[in-house]
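The values are calculated or read from the model by the stated rules, or taken from the named source; none is laboratory data. Keep in mind that this is a model prediction, so the values were computed, not measured. Note that we place each Cβ from the backbone using ideal geometry, even for glycine, and neighbour counts take in every protein chain shown. What goes into the accessible areas is simple: the full protein's heavy atoms, side chains included, and nothing from ligands, DNA or RNA. Shrake-Rupley method; radii C 1.70, N 1.55, O 1.52, S 1.80 Å.
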Amino acid sequence: MSVDLTGAYLTLDDGRPAVRFSRTYDHPVDRVWRYVADPAELALWFPSRAEMELRPGGAVRFTGDPNTPESIGQVLAVDPPRHLSFAWGGDELHFDLEALDDGRTRFTLTDVLGAADTAARNGAGWEVCLTALDAAAGGAAVDGPHTGASALWKEFYDGYVGAGVPSGAPVPGLD
């Protein structure tokens, strides 16, 4: 089975590697913001449960991912309902929301990578997570990204590697 890759590998202006995803949702920006900033809604699609103090410098506690240990990150910037960024492991996650015509919202996730060789692994992981977000935003019942998604992750990973996206980093839960 072939999968459609929706992420892009890029090098930011400051030289750091990143993967970026963009989606358009048929919801107003305030609604999509809850998918990013409300822990209960974030849990529908994000790989870890993330409890956060929504202020620059605030703590973000990551729990519940069966493949990674609990950890603490830090909110880097917040501008509700347009932008949230925080440190997670060695990465920075940036969520940007743009209100569009007719009450729709463009959602952009940029994962600024701590190491280039994590691009294919993380890209595949975000594909699975964002599939869960797409389903939740469409009104489907979602149990989170870890429910039956491992085979799909491998197909996305193979697709990114085949597209020449940097790879080779260990895969939590598989290596």
Does residue 112 satisfy the criteria of being under 26 Å from residue 167 (Cα atoms), in contact with a Lys or Arg (Cβ under 9 Å, 6 or more places away or on another chain) and either of a type in the set (A, V, I, L, M, F, W, C) or without any contact (Cβ under 8 Å) to a residue 24 or more places away in the chain (or both)?
yes
List the number of the failed condition for residue 117; all other conditions in (1) assigned to a helix (DSSP H, G or I); (2) within 15 Å of the chain's Cα centre (by Cα) hold.
(2)
Residue in the stretch 35-43 that is open to solvent by less than 60 Å² (accessible area, probe 1.4 Å) and in a strand (DSSP E or B) present:
no
Residues of the stretch 125-168 satisfying the condition of being modelled with pLDDT of 90 or more and closer than 15 Å to residue 65 by Cβ
125, 126, 128, 129, 132
Among the residues of the stretch 151-159, is any touching a Leu at 6+ places or on another chain (Cβ under 6 Å) and not basic (Lys, Arg)?
yes
On the basis of being open to solvent by less than 30 Å² (accessible area, probe 1.4 Å) and in a helix (DSSP H, G or I), does residue 3 make the cut?
no
Has the stretch 71-82 got at least one residue that is of a type in the set (Ser, Thr, Tyr) and not in a strand (DSSP E or B)?
no
Among the residues of the stretch 66-120, the number that are in contact with a Gly (Cβ under 6 Å, 6 or more places away or on another chain), open to solvent by 60 Å² or more (accessible area, probe 1.4 Å) and more than 20 Å from residue 174 (Cα to Cα) is 0
